[in-house]
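See structure below.
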Amino acid sequence: MLRLYVVNSFTTPIRLLASDIDGTLLNPQFQISESDLTALRRAQAAGIEIVLVTGRRHKFALPIAQQLGFDLWLISSNGAVTRSLSGETFHRDLMPRETCRELCGAMQAFRGNTVLTFDQETKGAIVLEHLDDLNASIRRWLEKNMAYIEFVIPIERALVSDPVQAMFCGSTARMSEALDSLQKSGMDNRITVLRTEYPERDLSIIDVLNTGCSKGQALKRWAAHRGYRREEVMAIGDNHNDVEMLEFAGHPVIMGNACEELRGRGWNLTLGNDQCGVAAAVAEVVSG
């Protein structure tokens, strides 16, 4: 049974609405439904600030954000970069290149699954050694980003500046092995490990960022900058990498298609991304 918000249960009005993109704002066809689009525009017109919070790189998230038709800020790369649509940067939380170099060494067995990203919009923004070990789903994403990809062997040679993050991409089983290796690396106090899984596509993405970096930390920082209390923040998400964001928000909402980890926390549940779940959640806080 869905447990949607009741409008008059809000004692504090929502002033900031943070939405994930993939699996949340985007439907299974990777599009924003007309209902979700209308709902976010209505919320923005009602004075609620909208921020998109995503695991995507800023450049890769930009076309989605631009479809909304109003100015907003993007928290991208799972909280590592907060930047406006016009390119103004509020905050960056990069991984020290020395830490990343050590990480690559510790994850030697997963070299073919390793992708490094850098905060630039030229070739070299995405670095990997080769495509051979990446599964079909992530290869399609990489092929869309070929203009930004550089192949470097060994991948450590690309670490002439601090990267945004390292990613390990592959099948669920393969990435389960990668998680085990990360836990045994002894780097816990210097990195943040975030996971995104799409079981129906047998795709798992492990994002490794600077210590303390997450969607939740970035949203907390932005809310403080804008003068919003957490009670005035609603967040909507569907996957493991949304946990910290949902924990921070005074009003967390999970999608009907949310992973099991999110379902056991007592958070409010909206419809799935195939049923305009974002619009259903927004309707509970914006009338008309």
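Is there a residue in region 250-270 that is among the acidic types (D, E), closer than 30 Å to T99 by Cα and more than 20 Å from the chain's Cα centre (by Cα)?
Within region 250-270, the subset among the acidic types (D, E) is 260-261.
With closer than 30 Å to T99 by Cα added as a condition, the list becomes 261.
Right, trim to more than 20 Å from the chain's Cα centre (by Cα) and you get none.
No - not one qualifying residue is present in region 250-270.
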Problem set entry | L159, sole failed condition from (1) touching a His at 6+ places or on another chain (Cβ under 9 Å); (2) touching a residue at least 40 places away in the same chain (Cβ under 8 Å) | (1)
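From the list L17, L40, L52, pick out the single residue that is within 21 Å of N239 (Cα to Cα) and not in a strand (DSSP E or B).
Working: L17 fails: not in a strand (DSSP E or B); L52 fails: not in a strand (DSSP E or B).
Only one candidate qualifies: L40.
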Seminar exercise, completed: Checked pairs for region 198-227, first part of a loop (DSSP other than H, G, I, E, B), second basic (K, R), C-beta under 7 Å and 6 or more apart or across chains, list as T211/R190
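Among the residues of region 109-117, is any assigned to a loop (DSSP other than H, G, I, E, B) and in contact with a Ser or Thr (Cβ under 9 Å, 6 or more places away or on another chain)? Step through it out loud before you land on a result.
Start the filter on region 109-117 by keeping residues that are assigned to a loop (DSSP other than H, G, I, E, B), which leaves none.
No, because not a single residue in region 109-117 is assigned to a loop (DSSP other than H, G, I, E, B) and in contact with a Ser or Thr (Cβ under 9 Å, 6 or more places away or on another chain).
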Problem set entry | Within region 123-151, tally of residues that are at pLDDT 90 or above, touching a helix residue (DSSP H, G or I) at 6+ places or on another chain (Cβ under 9 Å) and in a helix (DSSP H, G or I) | 1
Exercise. Among the residues of region 260-277, is there at least one that is farther than 30 Å from A46 by Cα, open to solvent by 10 Å² or more (accessible area, probe 1.4 Å) and of a type in the set (F, W, Y)?
Worked result: no
Exercise. Out of curiosity, is S176 open to solvent by less than 40 Å² (accessible area, probe 1.4 Å), part of a helix (DSSP H, G or I), under 20 Å from H240 (Cα atoms) and out of contact with any His (no Cβ under 7 Å at 6 or more places or on another chain)?
Worked result: no
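Restricting to region 82-97, name every residue that is among the acidic types (D, E) and free of Cβ contacts under 8 Å to residues at least 60 places away in the same chain. Reasoning before the result, please.
As a first pass, look at region 82-97 and keep what is among the acidic types (D, E): 88, 93.
Matches in region 82-97: E88 only.
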Problem set entry | Filtered residue count, region 149-186, keeping only those that are over 22 Å from the mean Cα position of the chain (by Cα) and closer than 15 Å to P96 by Cβ | 5
For this session: Tell me, yes or no, whether region 73-83 has at least one residue that is under 23 Å from V127 (Cα atoms), hydroxyl-bearing (S, T, Y) and assigned to a helix (DSSP H, G or I).
Result: yes
Exercise. Mind checking whether some residue in region 122-134 is touching a residue at least 60 places away in the same chain (Cβ under 8 Å) and either open to solvent by 60 Å² or more (accessible area, probe 1.4 Å) or among the polar types (S, T, N, Q) (or both)?
Worked result: no
Seminar exercise, completed: Selection over region 87-103 where residues are open to solvent by 20 Å² or more (accessible area, probe 1.4 Å) and in contact with an Asp or Glu (Cβ under 8 Å, 6 or more places away or on another chain) yields a count of 5
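Before we move on, is G186 farther than 26 Å from N27 by Cβ and not in a strand (DSSP E or B)? Lay out the reasoning, then the answer.
Numbers: farther than 26 Å from N27 by Cβ: yes; not in a strand (DSSP E or B): yes.
It is true that G186 is farther than 26 Å from N27 by Cβ and not in a strand (DSSP E or B).
Going through region 18-74 one residue at a time, which ones are hydroxyl-bearing (S, T, Y), closer than 16 Å to E284 by Cα and open to solvent by less than 40 Å² (accessible area, probe 1.4 Å)? Let's see the steps before the verdict.
First, pick out the residues of region 18-74 that are hydroxyl-bearing (S, T, Y): 19, 24, 33, 35, 38, 54.
Subsequent filtering for residues that are closer than 16 Å to E284 by Cα retains 19, 35, 38.
The one that is hydroxyl-bearing (S, T, Y), closer than 16 Å to E284 by Cα and open to solvent by less than 40 Å² (accessible area, probe 1.4 Å): S19.
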Exercise. So which pairs qualify, if the first residue must be in region 68-81 and without any contact (Cβ under 8 Å) to a residue 12 or more places away in the chain, the second must be part of a helix (DSSP H, G or I) and open to solvent by 10 Å² or more (accessible area, probe 1.4 Å), the Cβ gap must be under 9 Å, and the two must be at least 6 apart or on different chains?
Worked result: none
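The values are calculated or read from the model by the stated rules, or taken from the named source; none is laboratory data. Given the structure is predicted, the values throughout are model-derived calculations rather than measurements. Neighbour counts run over all protein chains shown; Cβ positions are idealised from the backbone, glycine included. Just so you know, the surface numbers come from the protein's heavy atoms only, side chains and all, with ligands and any DNA or RNA stripped out. Shrake-Rupley method; radii C 1.70, N 1.55, O 1.52, S 1.80 Å.
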